[in-house]
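The values are calculated or read from the model by the stated rules, or taken from the named source; none is laboratory data. Since we're looking at a predicted model, the values are computed, not measured. Every residue, glycine among them, receives a Cβ derived from its backbone with ideal geometry; neighbour counts consider all protein chains shown. Ligands, DNA and RNA are stripped out before the accessible areas are found, and what is left, the full protein with its side chains, is counted by its heavy atoms. Shrake-Rupley method; radii C 1.70, N 1.55, O 1.52, S 1.80 Å.
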Amino acid sequence: MFLTDILIIGSGVAGLSFALKVSSFARVTLVTKKQSADTATNLAQGGIAAVLSKHDRLEDHIQDTLISGDGLCNREIVQTVVEEGAGRVRELVDLGVSFQQGQAGEEFDLGMEGGHSARRVAHAKDMTGREIERALLAQVQANEQIEILENHMAVDLLLESKATKKSTNGKDRCIGAYVLNRTTGEVETWRAGVTVLCTGGSGKVYLYTTNPDIATGDGVAMAYRAGARVADLEFVQFHPTCFFNAKVKNFLVSEAVRGEGGVLINKKGQPFMRQYDQRGDLATRDAVARGIDTEMKKSGADCVYLDIMHKGRAFLEHRFPTIYGTCKKYGVDISQEPIPVVPAAHYMCGGVLTDKWGVSSVNNLLALGETACTGLHGANRLASNSLLEAVVFAHRAAQWVKKHWLEIADQERRSVQDWRTGRARSIEENVLISHNWDQIRRLMWNYVGIVRSKKRLQLVERRMRPILIETKEHFYNYLLTPDLIELRNIVLMADLIIKSASLRRESRGLHYLLDYPERDDVFFGKDTILDRTMNE
Ligand code: SIN
């Protein structure tokens, strides 16, 4: 058994920021399932939204967030995040993050994105996430109180009730996690005072996604299995503009391109967004993704196009070097031709339900970043509010842990049973895993996508059932592999998304149900909460 004070699972902006903050009073172990920089943070292009200009107002950012969230945000959380945002962004600068400066010596060059009423997105051109990850990782690697374990993949959370074999009257305590060491193939027992889930989202549940391969909903799946409450998983955000090209997987074309004047056009070269929303190309993401989906269905085309040619090559190469370079590499010169784009699964607005400190419904278990459902995003996250939420909540969670640290450090550290393999054997045919992965992703794309119907939800729930059962059997029959662990998480995530979508009989934000096309505040102005201990 390995002992640590604080076990962080995931190495994106949330996990790294939190690690740095708690390292002043505790020993930290950060496990990450691949290399440290294999994170969604690293791919984030647009930037981090905050009120950083004297021409902007906190109340405007609050209102934009609330409007985007379509009546489901928690106003107190929105206000807190917006008010604390600028301080956290400046803290990133102190930690070495280099944001693009404004032209007339202004502190930041602020970008525009959909749903925002002002320029408020601090960025590092179109590589903001990479720059934040670089700076934070350098700090973490230099910190002697933090141990990073790469190629370590969490399997399940450890619970006090399992260690003591006693019932907990509904409120269990998380005491660490079982972690697969991918190098040795052993499942290690990690005992910790506090465990923090920062595993990002679950885009890999869908066939087409902007997410990296690690985004398999591990944190939410583990938390749910451990009895934590999860919420609002029906609100899957589809980014309107993923590069459409057979040779490149999940490459995002940042919303900042529309912020700089990019226009969505159909195959006839006609702009179309105003037909669907009066805010046009800079409407909130739910509206733009739906507009594109409708336009593609109407015309039968495989994609639409994003036209930014009028900005000229010099501007595009300077402002969007990654997008310019990647599109060029795959045969599209964005200064000469429009970019073929399609919507793709991008962000999980729901997650592990937390309070205003990032604390889940299971004692000593926290969730941060995309893994959490804090109440900030409601039914549709506002562009560039995700990195913001991650840094604000990493700070708040660190404050909470610090305040309770003496009490937590004093708690008895019982020994826990090590992982038992029983009669499990090596999986001989990986196709047993890969086929189900593929089926889940296709089913979710076709049945639980941008536009949903009651019929499709009923059918997909039925089709998912045998895969759930088969995966459970594999989990007990075979020795663990990373693919099997991810399959188990992905099928559970798919099931939770379907269940949540079936419970919400209205259309709101990212959840559009053909049978109930209107928003219904009387019955559904509330979070969809799932809890294994109640559902069983
Ligand atoms: C983008 O650059 O369009 C993505 C940023 C975000 O998801 O907020």
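Here are some notes:
- Coordinate range along principal axes, alpha carbons of region 82-241, Å, largest first: 64, 41, 33
- DSSP beta bridges in the chain [antiparallel fraction, %, rounded to 5]: 60 percent
- Three-way shape label, region 1-117, alpha-carbon gyration tensor, a/c 1.5: prolate
- Computed packing ranks the peptides 420-432, 494-506 as 494-506, 420-432, most packed first, by mean other Cβ atoms within 10 Å.
- The packing ranking of peptides 362-374, 86-98, highest mean first, is 362-374, 86-98, where packing means the average number of other beta carbon atoms within 10 angstrom of each residue.
- Heavy-atom accessible surface of the chain: percent carbon and sulfur, 1.4 Å: 48 percent
- In nm, spacing of pseudo-spin labels at V431 and I469 (7 Å Cα→C-beta vector): 2.3 nm
- Angle between the chain longest axis and helix 58-68 axis [Cα atoms, degrees, rounded to 10]: 90 degrees
- Amide H contacts of V155: Y178, V179, L180, each under 5 Å away and 5 or more positions distant or on a separate chain (H built 1.01 Å from N in the peptide plane; Pro and chain starts excluded).
- Filtered trypsin sites (Lys or Arg not before Pro), region 435-473: DSSP coil and at most 13 other beta carbons within 10 Å: none
- Its relative contact order, with pairs defined as Cα atoms under 8 Å and 6+ residues apart, puts the chain at 21 percent.
- Only helices enter the 222 nm calculation for the chain: every DSSP H run of n ≥ 4 contributes -39,500 (n - 2.57), and dividing by all residues gives -12000 deg cm²/dmol, rounded to 500.
- Per-peptide packing, taken as the mean over residues of other Cβ atoms within 10 Å, places 261-269, 180-188 in the sequence 261-269, 180-188 from highest down.
- The residues of region 47-144 expose, per residue, 44 Å² of accessible area to a 1.4 Å probe.
- Potential extension, R57-A301 segment - 0.36 nm per residue separation minus Cα distance: 83.7 nm
- With respect to the chain, whose longest principal axis is taken over its alpha-carbon atoms, helix 13-22 is tilted by about 50°.
- Label positions at L406 and V248, each projected 7 Å from the Cα along the C-beta direction, are separated by 5.6 nm.
- In degrees, nearest ten, helix 386-410 long axis to first principal axis of the chain (Cα): 20 degrees
- Rg(Cα)/(2.2 N^0.38 Å) for region 405-536, N = residue count: 1.37
- With N counted as the residues of the chain, its alpha-carbon radius of gyration over 2.2 N^0.38 Å works out to 0.93.
- Tail fraction, Cα-Cα pairs, region 343-466, threshold 27 Å, whole percent: 49 percent
- Extension gain, N477-D531: 0.36 nm per intervening residue step, less the Cα-Cα distance, totals 16.8 nm.
- Taking the centroid of alpha carbons for each part, region 204-265 and region 149-202 are 26 Å apart.
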